[in-house]
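Q: Have a look at this one.
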Amino acid sequence: MVKSFLTVLLMGSALFSSAAWAEPDYKALALSVAEGQVIPGYQRFTDAAAALGRQAEGFCAAPDAEKLEPLRQGYHGVMDAWQGVQHVSFGPVEAFSRGQRVQFWPDKKNASDRQMGQLLKSRNDSILEGGRFTFASVAVQGLPALEYLLFGEQAERLLDGEDSAFRCRLVSAIAHNLTGIGQELSEDWTKPGGFRDGIATAGEPSSPYASAAEAASQMFNALHTQVEALADVKLAYPMGDSPEQARTIRLESWRSARSARNLAVNIEALNAFYAGGGGQGFSRALVAEGRADLDERLRAALERALAKTRALEGPMETVMATPEGWTQLDAIRADLKEASTLLGAEIAPALNIRIGFNALDGD
């Protein structure tokens, strides 16, 4: 009787252990992130860029000071949409330098300003004709160049000046270039045999992934890398070690004074990416593994960072230079570092995901 009881107990324990430590459904997880977050995010970016292109055409047909602010708001719409998918560092965005063409940043050698200055001085119209702009330097093709034209010291020259027509054509060319890149990204993800299908067929010869676990791991690494980048590149790099060492021009969007807005959009997007479409993402997988405690800690760290970002009294560009503001930003950085550590040291092992090399390593 005792022997039979022990046998049943041991069998039950083995079944419980097997269920508790069963691997996540990596394919369902990766597809939920792709279909619920990545694909809609790229479509929003494409739509926002197309809307900006139409605004630019209308503005350039009859430049007017009253139209400049709506044009700037159009830029903000595109930038919001891009910040919502900036963390998607894998897949079609890697082809043809698409990511850098959309946003060449960080630009530690100031290539964007230098090359934009040269382009405006030369007024080389040929670069804007016959599809040649897609082969121009990545430093003048995307959002930083657009910000330079719309928010820089000479932005008013869009309205009047000997080079106003060329500046207008350049704004329009950038907007249409961004639209084209967005369309390419959306198509490459959704077309038959595209990247979404590659996730669905992971493990088959036609897929870029040897397994669904590999696809989910790449997504997780993108999440982890972006959280690190928010702390180390978007905050620590421009902040320096004190308010006196803070460098405004190192901020991501200092000309348009929207660096804090970028950060808030990033954190919201990362939360959604972590949750996956319909709540089927990493969060649910972690809870299913019996680690709701880790899920709660990560969500809390990201929520604290988001709340503190939204509570900043003024743009990061001015807040950063004051002792109180610098301390507030340092607290946001600490929350993001906590989230990064949780992802890499505890959540990844709990999901049996390996953290690999990323672009920030060694910087």
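The values are calculated or read from the model by the stated rules, or taken from the named source; none is laboratory data. All figures in this text were calculated on a predicted structure; none of them were measured in a lab. A quick note on method: Cβ atoms are made from the backbone with ideal geometry, for glycine too, and the neighbour counts reach across all protein chains shown. The accessibility values were calculated without ligands, DNA or RNA, using every heavy atom of the protein model including side chains. Shrake-Rupley method; radii C 1.70, N 1.55, O 1.52, S 1.80 Å.
Q: Rounded, prolate or oblate: which fits the range 136-283, taking a ≥ b ≥ c as square roots of the Cα gyration tensor eigenvalues, rounded meaning a/c under 1.5, else prolate when a/b beats b/c?
A: oblate
Q: If a/c stays under 1.5 just call it rounded; otherwise compare a/b with b/c (prolate if a/b is bigger, oblate if not). Do that for the chain, with a ≥ b ≥ c from the square roots of the Cα gyration tensor eigenvalues.
A: Note, shape of the chain comes out prolate.
Q: Restricted to Cα positions, what overall size does the range 199-257 have along the principal axes? Three whole-Å values, descending.
A: 55, 23, 12
Q: Tally Lys/Arg at +1 and Asp/Glu at -1 over every other residue whose Cβ is under 13 Å from the Cβ of residue 133; what's the total? The partial results should precede the final answer.
A: On the way: positive: 101, 132, 169; negative: 125, 129.
Local net charge: +1.
Q: Quick one: which residues, 5 or more positions from residue 152 or on another chain, have an amide H under 5 Å from its amide H? H modelled 1.01 Å from N in the peptide plane, none for Pro or chain starts.
A: The answer is none.
Q: Quick one: check the C-alpha center-to-center distance for the range 270-348 versus the range 84-105, whole angstrom.
A: For the range 270-348 versus the range 84-105, the Cα centre distance is 23 Å.
Q: May I ask you to evaluate 6.51 cos²θ - 1.76 cosθ + 1.60, the Karplus curve with θ = phi - 60°, for each residue of the range 65-77 and list the ³J(HN,Hα) values in order in whole Hz, giving x for glycine and proline?
A: For the range 65-77, the Karplus-derived couplings read 4, 6, 8, 5, 5, x, 5, 5, 5, x, 4, 4, x Hz, x marking Gly and Pro.
Q: Separate question: Please list, in order along the range 305-319, the HN-Hα scalar couplings obtained from phi with the Karplus expression 6.51 cos²θ - 1.76 cosθ + 1.60 (θ = phi - 60°), rounded to whole Hz, x for Gly and Pro.
A: Per-residue couplings from phi come out as 4, 5, 4, 5, 5, 5, 8, 4, 8, x, x, 4, 4, 9, 4 Hz.
Q: Take the solvent-accessible surface of the protein heavy atoms, probe 1.4 Å, and return the percent of it on the chain that carbon and sulfur atoms account for. Present the calculation step by step, with values, prior to reporting the outcome.
A: Numbers: 9050 of 16770 Å².
Carbon and sulfur together cover 54 percent of it.
Q: Related question: Among the GluC sites (Glu not before Pro) within the range 160-249, which fall in a DSSP loop and have no more than 15 other Cβ atoms within 10 Å of their own Cβ?
A: On the way: sites: 162, 184, 187, 214, 228, 244; in loops: 162.
Filter output for the range 160-249: 162.
Q: Classify the range 56-151 from the C-alpha gyration tensor, please: rounded if a/c falls under 1.5, else prolate or oblate depending on whether a/b exceeds b/c.
A: Numbers: a/c = 1.68, a/b = 1.22, b/c = 1.38.
Because a/c hits 1.5 or more and a/b fails to exceed b/c, the range 56-151 counts as oblate.
Q: Kindly provide the Kirkwood hydrodynamic radius of the range 242-334 in Å, to one decimal, from all pairs of distinct alpha carbon atoms.
A: Values: mean 1/r = 0.0688 Å⁻¹.
By the Kirkwood definition, the hydrodynamic radius is 14.5 Å.
Q: In whole Hz and in residue order, list the ³J(HN,Hα) couplings for the range 226-241 that follow from phi through the Karplus curve 6.51 cos²θ - 1.76 cosθ + 1.60, θ = phi - 60°; x for Gly and Pro.
A: These are the phi-based 3J(HN,Hα) values: 5, 4, 4, 5, 4, 6, 8, 9, 7, 10, 4, 4, x, 6, x, 9 Hz.
Q: Return the subset of 27/191; 121/234; 27/308; 308/337 for which the Cα-Cα distance in this structure is over 24 Å, preserving the input order. Don't skip to the end; give the middle numbers.
A: Values: 27/191 19 Å; 121/234 31 Å; 27/308 35 Å; 308/337 14 Å.
In this structure, 121/234; 27/308 lie more than 24 Å apart at Cα.
Q: Can you give me the accessible area per residue for the chain, using a 1.4 Å probe, in Å²? Kindly include the intermediate steps, with their values, before the conclusion.
A: Numbers: 16770 Å² over 363 residues.
Spelled out: the 1.4 Å probe surface of the chain, per residue, equals 46 Å².
Q: Report, in whole Å, the centroid distance computed from the Cα atoms of the range 41-68 and the range 146-181.
A: Using only Cα atoms to place each centre, the spacing works out to 11 Å.
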